[in-house]
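The values are calculated or read from the model by the stated rules, or taken from the named source; none is laboratory data. Everything numeric in this text was worked out from a predicted model, so none of it was measured. For neighbour counting, all protein chains shown are included, and Cβ atoms are generated from backbone atoms with ideal geometry for every residue, glycine included. Only protein heavy atoms, including side chains, enter the accessible area calculation; ligands, DNA and RNA are left aside. Shrake-Rupley method; radii C 1.70, N 1.55, O 1.52, S 1.80 Å.
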2 protein chains.
Amino acid sequence: MEEKPMIEERRERADAARNRRAILRATEELLARHRPEQISMEQVAAAAGVGKGTVFHRFGSRMGLMVALMQERAYALEEAVASAPPPLGPGAPPEERLMAFLDAIVDVVGRNKGLLAALGHAATAAPRPEWKEQGERRGEDGDHPVYRFWHSHTSALIVARRPDLDGELLAHILLGSLQSEPVLRLLERGEATRLAASLRVMASGMLAAPALA
Amino acid sequence: MEEKPMIEERRERADAARNRRAILRATEELLARHRPEQISMEQVAAAAGVGKGTVFHRFGSRMGLMVALMQERAYALEEAVASAPPPLGPGAPPEERLMAFLDAIVDVVGRNKGLLAALGHAATAAPRPEWKEQGERRGEDGDHPVYRFWHSHTSALIVARRPDLDGELLAHILLGSLQSEPVLRLLERGEATRLAASLRVMASGMLAAPALA
(Lines give C-alpha, C1' and ligand atoms only; values in the text may rest on other atoms or scores of the structure.)
Protein backbone atom coordinates (compact mmCIF):
# COMPACT_ATOMS: atom_id res chain seq x y z
CA MET A 1 0.00 0.00 0.00
CA GLU A 2 1.19 3.44 -0.89
CA GLU A 3 1.85 5.77 2.02
CA LYS A 4 0.20 9.13 1.70
CA PRO A 5 2.02 12.28 2.66
CA MET A 6 0.84 13.43 6.13
CA ILE A 7 -0.52 16.71 4.87
CA GLU A 8 -2.72 14.96 2.31
CA GLU A 9 -4.04 12.53 4.91
CA ARG A 10 -4.96 15.38 7.20
CA ARG A 11 -6.73 17.19 4.40
CA GLU A 12 -8.71 14.06 3.57
CA ARG A 13 -9.82 13.71 7.18
CA ALA A 14 -10.85 17.36 7.28
CA ASP A 15 -12.81 16.89 4.04
CA ALA A 16 -14.59 13.86 5.48
CA ALA A 17 -15.58 15.72 8.65
CA ARG A 18 -16.78 18.69 6.63
CA ASN A 19 -18.81 16.43 4.34
CA ARG A 20 -20.37 14.70 7.33
CA ARG A 21 -21.41 18.01 8.86
CA ALA A 22 -22.74 19.28 5.52
CA ILE A 23 -24.76 16.11 4.98
CA LEU A 24 -26.29 16.18 8.46
CA ARG A 25 -27.08 19.89 8.15
CA ALA A 26 -28.73 19.34 4.75
CA THR A 27 -30.77 16.48 6.17
CA GLU A 28 -31.90 18.63 9.07
CA GLU A 29 -33.00 21.38 6.70
CA LEU A 30 -34.95 18.89 4.57
CA LEU A 31 -36.55 17.41 7.69
CA ALA A 32 -37.89 20.81 8.66
CA ARG A 33 -40.20 20.59 5.63
CA HIS A 34 -40.58 16.86 4.92
CA ARG A 35 -41.08 13.53 6.60
CA PRO A 36 -38.11 11.14 6.60
CA GLU A 37 -39.76 8.84 4.05
CA GLN A 38 -40.18 11.75 1.63
CA ILE A 39 -36.46 12.51 1.57
CA SER A 40 -34.18 10.78 -0.93
CA MET A 41 -30.44 10.29 -0.64
CA GLU A 42 -30.15 12.19 -3.94
CA GLN A 43 -31.87 15.23 -2.44
CA VAL A 44 -29.57 15.13 0.58
CA ALA A 45 -26.48 14.84 -1.62
CA ALA A 46 -27.59 17.73 -3.83
CA ALA A 47 -28.42 19.94 -0.84
CA ALA A 48 -25.10 19.14 0.84
CA GLY A 49 -23.11 19.68 -2.36
CA VAL A 50 -21.55 16.21 -2.29
CA GLY A 51 -21.87 13.12 -4.49
CA LYS A 52 -24.61 10.61 -3.86
CA GLY A 53 -21.93 7.95 -3.35
CA THR A 54 -20.48 9.93 -0.47
CA VAL A 55 -23.81 9.94 1.37
CA PHE A 56 -24.25 6.18 0.87
CA HIS A 57 -20.64 5.50 1.83
CA ARG A 58 -20.92 7.46 5.09
CA PHE A 59 -24.42 6.49 6.23
CA GLY A 60 -25.35 3.28 4.43
CA SER A 61 -29.01 4.17 3.90
CA ARG A 62 -31.62 6.79 4.57
CA MET A 63 -32.40 5.17 7.89
CA GLY A 64 -28.70 5.15 8.78
CA LEU A 65 -28.60 8.86 8.03
CA MET A 66 -31.69 9.58 10.14
CA VAL A 67 -30.30 7.57 13.02
CA ALA A 68 -26.97 9.41 12.87
CA LEU A 69 -28.75 12.77 12.90
CA MET A 70 -31.10 11.86 15.70
CA GLN A 71 -28.21 10.48 17.69
CA GLU A 72 -26.19 13.64 17.28
CA ARG A 73 -29.13 15.66 18.64
CA ALA A 74 -29.84 13.15 21.33
CA TYR A 75 -26.23 13.23 22.53
CA ALA A 76 -26.36 17.01 22.66
CA LEU A 77 -29.56 16.87 24.72
CA GLU A 78 -28.12 14.17 26.96
CA GLU A 79 -25.06 16.34 27.59
CA ALA A 80 -27.26 19.34 28.34
CA VAL A 81 -29.23 17.29 30.87
CA ALA A 82 -25.98 16.25 32.55
CA SER A 83 -24.15 19.58 32.57
CA ALA A 84 -26.10 22.53 31.16
CA PRO A 85 -27.38 25.25 33.50
CA PRO A 86 -30.71 24.59 35.25
CA PRO A 87 -33.57 24.05 34.62
CA LEU A 88 -32.56 21.66 31.78
CA GLY A 89 -29.36 20.73 33.62
CA PRO A 90 -29.04 19.68 37.28
CA GLY A 91 -29.91 21.99 40.17
CA ALA A 92 -33.57 22.88 39.57
CA PRO A 93 -36.59 21.15 41.21
CA PRO A 94 -37.81 18.05 39.32
CA GLU A 95 -41.00 19.72 38.02
CA GLU A 96 -39.03 22.60 36.48
CA ARG A 97 -36.52 20.18 34.98
CA LEU A 98 -39.36 18.10 33.53
CA MET A 99 -40.95 21.14 31.86
CA ALA A 100 -37.61 22.20 30.38
CA PHE A 101 -36.91 18.67 29.17
CA LEU A 102 -40.31 18.33 27.49
CA ASP A 103 -39.74 21.67 25.75
CA ALA A 104 -36.35 20.42 24.52
CA ILE A 105 -37.84 17.17 23.22
CA VAL A 106 -40.63 18.98 21.37
CA ASP A 107 -37.96 21.17 19.80
CA VAL A 108 -36.02 18.12 18.56
CA VAL A 109 -39.12 16.29 17.34
CA GLY A 110 -40.60 19.46 15.84
CA ARG A 111 -37.53 19.96 13.68
CA ASN A 112 -37.64 16.31 12.59
CA LYS A 113 -41.11 15.60 11.31
CA GLY A 114 -42.01 12.05 12.03
CA LEU A 115 -38.49 11.02 12.91
CA LEU A 116 -39.41 9.62 16.31
CA ALA A 117 -42.26 7.65 14.81
CA ALA A 118 -39.98 6.34 12.06
CA LEU A 119 -37.44 5.26 14.66
CA GLY A 120 -40.19 3.69 16.73
CA HIS A 121 -41.43 1.61 13.80
CA ALA A 122 -37.90 0.65 12.80
CA ALA A 123 -37.20 -0.42 16.38
CA THR A 124 -40.15 -2.78 16.44
CA ALA A 125 -39.73 -4.14 12.93
CA ALA A 126 -37.25 -6.94 12.23
CA PRO A 127 -33.70 -5.72 12.94
CA ARG A 128 -32.26 -4.01 9.88
CA PRO A 129 -28.67 -4.46 8.72
CA GLU A 130 -28.08 -0.71 8.67
CA TRP A 131 -28.89 -0.45 12.37
CA LYS A 132 -26.17 -2.92 13.17
CA GLU A 133 -23.79 -0.98 10.95
CA GLN A 134 -24.55 2.07 13.02
CA GLY A 135 -23.61 0.15 16.15
CA GLU A 136 -27.15 0.52 17.49
CA ARG A 137 -28.18 -1.40 20.53
CA ARG A 138 -31.80 -2.05 21.31
CA GLY A 139 -33.30 -2.59 24.77
CA GLU A 140 -35.00 -5.81 25.76
CA ASP A 141 -38.32 -4.42 24.66
CA GLY A 142 -37.02 -3.12 21.36
CA ASP A 143 -36.80 0.55 22.27
CA HIS A 144 -34.40 2.80 20.49
CA PRO A 145 -31.58 4.18 22.69
CA VAL A 146 -32.81 7.73 22.11
CA TYR A 147 -36.30 6.85 23.27
CA ARG A 148 -34.79 4.92 26.20
CA PHE A 149 -32.89 7.95 27.44
CA TRP A 150 -35.86 10.28 27.00
CA HIS A 151 -38.06 7.83 28.81
CA SER A 152 -35.68 7.12 31.67
CA HIS A 153 -35.03 10.81 32.34
CA THR A 154 -38.74 11.72 32.19
CA SER A 155 -39.59 8.77 34.39
CA ALA A 156 -36.87 9.64 36.93
CA LEU A 157 -38.05 13.25 37.21
CA ILE A 158 -41.66 12.13 37.76
CA VAL A 159 -40.62 9.68 40.46
CA ALA A 160 -38.33 12.26 42.12
CA ARG A 161 -41.35 14.50 42.63
CA ARG A 162 -44.06 11.83 43.02
CA PRO A 163 -42.70 8.46 44.18
CA ASP A 164 -46.31 7.28 44.66
CA LEU A 165 -47.08 7.46 40.93
CA ASP A 166 -46.31 4.97 38.15
CA GLY A 167 -43.54 7.13 36.67
CA GLU A 168 -42.49 4.50 34.15
CA LEU A 169 -45.92 4.29 32.54
CA LEU A 170 -46.73 7.99 32.84
CA ALA A 171 -43.50 8.78 30.98
CA HIS A 172 -44.54 6.37 28.19
CA ILE A 173 -47.95 8.07 27.99
CA LEU A 174 -46.41 11.56 27.78
CA LEU A 175 -43.78 10.59 25.20
CA GLY A 176 -45.99 8.16 23.29
CA SER A 177 -48.22 11.00 22.20
CA LEU A 178 -45.30 12.35 20.16
CA GLN A 179 -45.61 9.32 17.89
CA SER A 180 -49.30 9.67 17.15
CA GLU A 181 -50.52 10.84 13.76
CA PRO A 182 -52.66 13.78 14.92
CA VAL A 183 -49.76 15.16 16.95
CA LEU A 184 -47.32 14.69 14.06
CA ARG A 185 -49.73 16.53 11.75
CA LEU A 186 -49.84 19.36 14.25
CA LEU A 187 -46.04 19.56 14.22
CA GLU A 188 -46.10 19.58 10.42
CA ARG A 189 -48.34 22.63 10.60
CA GLY A 190 -45.61 24.28 12.71
CA GLU A 191 -47.52 24.23 16.00
CA ALA A 192 -44.66 23.05 18.20
CA THR A 193 -45.28 25.86 20.71
CA ARG A 194 -48.88 24.77 21.12
CA LEU A 195 -47.78 21.18 21.70
CA ALA A 196 -45.17 22.19 24.26
CA ALA A 197 -47.79 24.23 26.17
CA SER A 198 -50.22 21.32 26.38
CA LEU A 199 -47.51 18.85 27.39
CA ARG A 200 -46.66 21.24 30.22
CA VAL A 201 -50.31 21.26 31.32
CA MET A 202 -50.36 17.45 31.27
CA ALA A 203 -47.07 17.13 33.13
CA SER A 204 -47.68 19.78 35.77
CA GLY A 205 -51.23 18.53 36.36
CA MET A 206 -49.96 14.98 36.73
CA LEU A 207 -47.29 16.00 39.25
CA ALA A 208 -49.96 17.80 41.30
CA ALA A 209 -52.58 15.04 40.92
CA PRO A 210 -54.23 13.74 44.09
CA ALA A 211 -52.52 10.66 45.56
CA LEU A 212 -53.93 7.36 44.31
CA ALA A 213 -56.52 5.76 46.55
CA MET B 1 -84.56 -15.07 -11.25
CA GLU B 2 -86.12 -17.82 -9.24
CA GLU B 3 -88.23 -16.74 -6.29
CA LYS B 4 -87.34 -18.45 -3.06
CA PRO B 5 -90.01 -19.55 -0.66
CA MET B 6 -90.30 -17.04 2.18
CA ILE B 7 -89.34 -19.49 4.87
CA GLU B 8 -86.11 -20.38 3.09
CA GLU B 9 -85.22 -16.75 2.59
CA ARG B 10 -85.74 -16.05 6.26
CA ARG B 11 -83.58 -19.01 7.24
CA GLU B 12 -80.79 -17.78 4.95
CA ARG B 13 -80.91 -14.37 6.54
CA ALA B 14 -80.80 -15.91 10.01
CA ASP B 15 -77.81 -18.04 8.94
CA ALA B 16 -76.00 -15.00 7.61
CA ALA B 17 -76.58 -13.05 10.82
CA ARG B 18 -75.43 -16.00 12.92
CA ASN B 19 -72.30 -16.41 10.78
CA ARG B 20 -71.54 -12.74 11.09
CA ARG B 21 -71.81 -12.87 14.87
CA ALA B 22 -69.72 -16.06 15.04
CA ILE B 23 -67.00 -14.54 12.86
CA LEU B 24 -66.82 -11.33 14.88
CA ARG B 25 -66.78 -13.27 18.16
CA ALA B 26 -63.98 -15.55 16.89
CA THR B 27 -61.99 -12.51 15.77
CA GLU B 28 -62.42 -10.90 19.16
CA GLU B 29 -61.18 -14.03 20.91
CA LEU B 30 -58.13 -14.21 18.62
CA LEU B 31 -57.42 -10.51 19.20
CA ALA B 32 -57.27 -11.11 22.93
CA ARG B 33 -54.07 -13.06 22.31
CA HIS B 34 -52.67 -11.74 19.04
CA ARG B 35 -52.09 -8.56 17.11
CA PRO B 36 -54.28 -7.98 14.05
CA GLU B 37 -51.40 -8.66 11.65
CA GLN B 38 -50.81 -12.06 13.25
CA ILE B 39 -54.35 -13.25 12.56
CA SER B 40 -55.20 -14.97 9.28
CA MET B 41 -58.62 -15.24 7.67
CA GLU B 42 -58.16 -19.03 7.81
CA GLN B 43 -57.78 -18.93 11.60
CA VAL B 44 -60.86 -16.78 11.93
CA ALA B 45 -62.88 -19.12 9.71
CA ALA B 46 -61.72 -22.21 11.62
CA ALA B 47 -62.47 -20.62 15.01
CA ALA B 48 -65.90 -19.47 13.84
CA GLY B 49 -66.75 -22.84 12.30
CA VAL B 50 -67.45 -21.37 8.86
CA GLY B 51 -65.75 -21.66 5.48
CA LYS B 52 -62.90 -19.30 4.59
CA GLY B 53 -64.95 -18.10 1.60
CA THR B 54 -67.73 -16.94 3.93
CA VAL B 55 -65.30 -14.72 5.87
CA PHE B 56 -63.92 -13.19 2.68
CA HIS B 57 -67.39 -12.78 1.20
CA ARG B 58 -68.69 -10.92 4.28
CA PHE B 59 -65.67 -8.78 5.18
CA GLY B 60 -63.52 -8.51 2.05
CA SER B 61 -60.18 -8.67 3.86
CA ARG B 62 -58.58 -8.88 7.28
CA MET B 63 -58.67 -5.10 7.54
CA GLY B 64 -62.36 -5.10 6.58
CA LEU B 65 -62.97 -7.61 9.36
CA MET B 66 -61.05 -5.56 11.92
CA VAL B 67 -62.86 -2.41 10.91
CA ALA B 68 -66.25 -4.13 11.23
CA LEU B 69 -65.36 -5.42 14.69
CA MET B 70 -63.99 -2.13 15.90
CA GLN B 71 -67.03 -0.35 14.53
CA GLU B 72 -69.40 -2.69 16.30
CA ARG B 73 -67.64 -1.94 19.59
CA ALA B 74 -67.40 1.72 18.83
CA TYR B 75 -71.13 1.93 18.10
CA ALA B 76 -71.86 0.15 21.38
CA LEU B 77 -69.65 2.62 23.23
CA GLU B 78 -71.17 5.57 21.37
CA GLU B 79 -74.63 4.37 22.36
CA ALA B 80 -73.53 3.96 25.96
CA VAL B 81 -72.18 7.51 25.98
CA ALA B 82 -75.53 8.76 24.65
CA SER B 83 -77.90 6.74 26.81
CA ALA B 84 -76.24 4.48 29.41
CA PRO B 85 -76.50 5.36 33.11
CA PRO B 86 -73.92 7.84 34.43
CA PRO B 87 -70.97 8.18 34.73
CA LEU B 88 -70.40 6.77 31.20
CA GLY B 89 -73.77 8.12 30.05
CA PRO B 90 -75.13 11.66 30.57
CA GLY B 91 -75.82 13.09 34.00
CA ALA B 92 -72.46 12.93 35.78
CA PRO B 93 -69.94 15.80 36.08
CA PRO B 94 -67.51 16.02 33.12
CA GLU B 95 -64.51 14.75 35.14
CA GLU B 96 -66.35 11.61 36.19
CA ARG B 97 -67.59 11.03 32.67
CA LEU B 98 -64.06 11.45 31.32
CA MET B 99 -62.67 8.86 33.76
CA ALA B 100 -65.42 6.38 32.86
CA PHE B 101 -64.89 6.99 29.15
CA LEU B 102 -61.12 6.47 29.37
CA ASP B 103 -61.73 3.20 31.26
CA ALA B 104 -64.12 2.08 28.52
CA ILE B 105 -61.62 2.92 25.78
CA VAL B 106 -58.79 1.06 27.54
CA ASP B 107 -61.14 -1.91 27.78
CA VAL B 108 -61.83 -1.84 24.03
CA VAL B 109 -58.19 -1.31 23.08
CA GLY B 110 -56.98 -3.84 25.66
CA ARG B 111 -59.11 -6.54 24.11
CA ASN B 112 -57.88 -5.59 20.64
CA LYS B 113 -54.12 -5.57 20.75
CA GLY B 114 -52.80 -3.03 18.35
CA LEU B 115 -56.11 -2.53 16.63
CA LEU B 116 -56.18 1.22 17.16
CA ALA B 117 -52.62 1.52 15.90
CA ALA B 118 -53.47 -0.61 12.86
CA LEU B 119 -56.49 1.57 12.13
CA GLY B 120 -54.37 4.67 12.64
CA HIS B 121 -51.80 3.52 10.12
CA ALA B 122 -54.45 2.43 7.66
CA ALA B 123 -56.11 5.81 7.99
CA THR B 124 -52.94 7.67 7.11
CA ALA B 125 -51.78 5.33 4.36
CA ALA B 126 -53.18 5.59 0.85
CA PRO B 127 -56.91 4.82 0.89
CA ARG B 128 -57.52 1.10 0.60
CA PRO B 129 -60.29 -0.38 -1.54
CA GLU B 130 -61.63 -2.43 1.38
CA TRP B 131 -62.24 0.74 3.38
CA LYS B 132 -64.47 2.05 0.66
CA GLU B 133 -66.29 -1.27 0.52
CA GLN B 134 -67.00 -0.88 4.20
CA GLY B 135 -68.49 2.51 3.53
CA GLU B 136 -65.87 4.24 5.65
CA ARG B 137 -65.61 7.96 5.62
CA ARG B 138 -62.47 9.69 6.68
CA GLY B 139 -62.18 13.19 8.18
CA GLU B 140 -60.31 15.98 6.48
CA ASP B 141 -57.18 15.09 8.38
CA GLY B 142 -57.44 11.37 7.65
CA ASP B 143 -58.72 10.23 11.04
CA HIS B 144 -60.76 7.10 11.35
CA PRO B 145 -64.39 7.69 12.42
CA VAL B 146 -63.82 5.67 15.61
CA TYR B 147 -60.86 7.81 16.58
CA ARG B 148 -62.86 10.92 15.63
CA PHE B 149 -65.67 10.03 18.01
CA TRP B 150 -63.30 9.14 20.85
CA HIS B 151 -61.42 12.34 20.29
CA SER B 152 -64.45 14.60 20.03
CA HIS B 153 -66.06 13.17 23.17
CA THR B 154 -62.80 13.38 25.18
CA SER B 155 -62.18 16.87 23.92
CA ALA B 156 -65.75 18.00 24.73
CA LEU B 157 -65.51 16.69 28.29
CA ILE B 158 -62.19 18.46 28.85
CA VAL B 159 -63.58 21.73 27.53
CA ALA B 160 -66.80 21.36 29.58
CA ARG B 161 -64.70 21.31 32.75
CA ARG B 162 -61.80 23.53 31.62
CA PRO B 163 -62.73 25.90 28.78
CA ASP B 164 -59.38 27.65 29.29
CA LEU B 165 -57.39 24.60 28.16
CA ASP B 166 -56.58 23.33 24.65
CA GLY B 167 -59.03 20.42 24.87
CA GLU B 168 -58.56 19.40 21.26
CA LEU B 169 -54.82 18.87 21.62
CA LEU B 170 -54.97 17.45 25.15
CA ALA B 171 -57.42 14.82 23.90
CA HIS B 172 -54.98 13.90 21.11
CA ILE B 173 -52.16 13.58 23.65
CA LEU B 174 -54.22 11.35 25.95
CA LEU B 175 -55.51 9.11 23.14
CA GLY B 176 -52.30 9.18 21.11
CA SER B 177 -50.50 7.31 23.85
CA LEU B 178 -52.72 4.30 23.08
CA GLN B 179 -50.99 3.99 19.71
CA SER B 180 -47.43 3.97 21.03
CA GLU B 181 -45.38 0.78 21.04
CA PRO B 182 -44.46 0.74 24.75
CA VAL B 183 -48.11 1.15 25.72
CA LEU B 184 -49.21 -1.56 23.26
CA ARG B 185 -46.59 -3.91 24.71
CA LEU B 186 -47.96 -3.20 28.17
CA LEU B 187 -51.45 -4.12 26.97
CA GLU B 188 -50.05 -7.30 25.46
CA ARG B 189 -48.73 -8.20 28.89
CA GLY B 190 -52.29 -7.84 30.18
CA GLU B 191 -51.72 -4.64 32.16
CA ALA B 192 -54.86 -2.79 31.07
CA THR B 193 -55.77 -1.96 34.68
CA ARG B 194 -52.40 -0.33 35.21
CA LEU B 195 -52.85 1.72 32.04
CA ALA B 196 -56.36 2.83 33.03
CA ALA B 197 -55.07 3.96 36.44
CA SER B 198 -52.31 6.10 34.93
CA LEU B 199 -54.61 7.62 32.32
CA ARG B 200 -56.89 8.61 35.19
CA VAL B 201 -53.96 10.30 36.95
CA MET B 202 -53.11 12.17 33.74
CA ALA B 203 -56.69 13.22 33.06
CA SER B 204 -57.62 14.23 36.59
CA GLY B 205 -54.34 16.08 37.05
CA MET B 206 -54.86 17.90 33.78
CA LEU B 207 -58.41 18.96 34.71
CA ALA B 208 -57.09 20.34 38.00
CA ALA B 209 -53.98 21.96 36.46
CA PRO B 210 -53.32 25.64 37.24
CA ALA B 211 -54.77 28.03 34.65
CA LEU B 212 -52.37 28.93 31.84
CA ALA B 213 -50.46 32.18 32.34
* Structure fact -> Expected response for nearest chain A Cβ to the A-B rotation axis, distance in whole Å, is A:G205, 2
* To do: Hey, could you grab the Kirkwood Rh for region A:1-59? Inverse mean 1/r over distinct alpha carbon pairs, Å, one decimal.
  => 12.5
* To do: Could you check how much of the accessible area of region B:1-59 is carbon and sulfur, as a whole percent, using a 1.4 Å probe?
  => 50
* To do: Please get the size of the charge dipole for region A:1-55, origin at its Cα centre, with Cβ charges of +1 on Lys and Arg and -1 on Asp and Glu, quoted in debye to the nearest 20.
  => 260
* **Derived scalar couplings ³J(HN,Hα) [region A:161-175; Karplus, 6.51 cos²θ - 1.76 cosθ + 1.60; whole Hz; x for Gly, Pro]** => 8, 9, x, 7, 8, 7, x, 4, 6, 4, 5, 4, 5, 4, 6
* Asked: Chains B and A: what accessible area do they bury, summed, in square angstrom to the nearest 100, with a 1.4 Å probe?
  -> 2900
* To do: Please average, across the residues of B:74-82, the number of beta carbons from any other chain that are within 10 Å of each residue's own beta carbon, and give a whole number.
  => 0
* In region B:1-59, with Lys and Arg counted as +1 and Asp and Glu as -1 at Cβ, which of these residues, B:N19, B:P36, B:V55, has the Cα nearest the positive end of the dipole, that is, farthest along it? -> B:P36
* To do: Within region A:38-104, report the chymotrypsin sites (Phe, Trp or Tyr not before Pro) that DSSP leaves as loop and that have at most 10 other Cβ atoms within 10 Å.
  => none
* Structure fact -> Diffing region B:193-210: the Karplus 3J(HN,Hα) column from phi (6.51, -1.76, 1.60, θ = phi - 60°), in whole Hz with x for Gly and Pro, holds 4, 5, 5, 4, 4, 6, 5, 4, 4, 4, 5, 6, x, 4, 5, 9, 4, x
* Per-residue mean of C-beta atoms belonging to partner chains within 10 Å, peptide B:193-201 -> 5
* To do: Count, for each residue of B:162-172, the Cβ atoms from other chains sitting within 10 Å of its Cβ, then give me the mean as a whole number.
  => 4
* To do: Considering only protein heavy atoms, with the full assembly of protein chains and a 1.4 angstrom probe, order B:S180, B:S152, B:S61 by accessible area, largest first.
  => B:S152, B:S61, B:S180
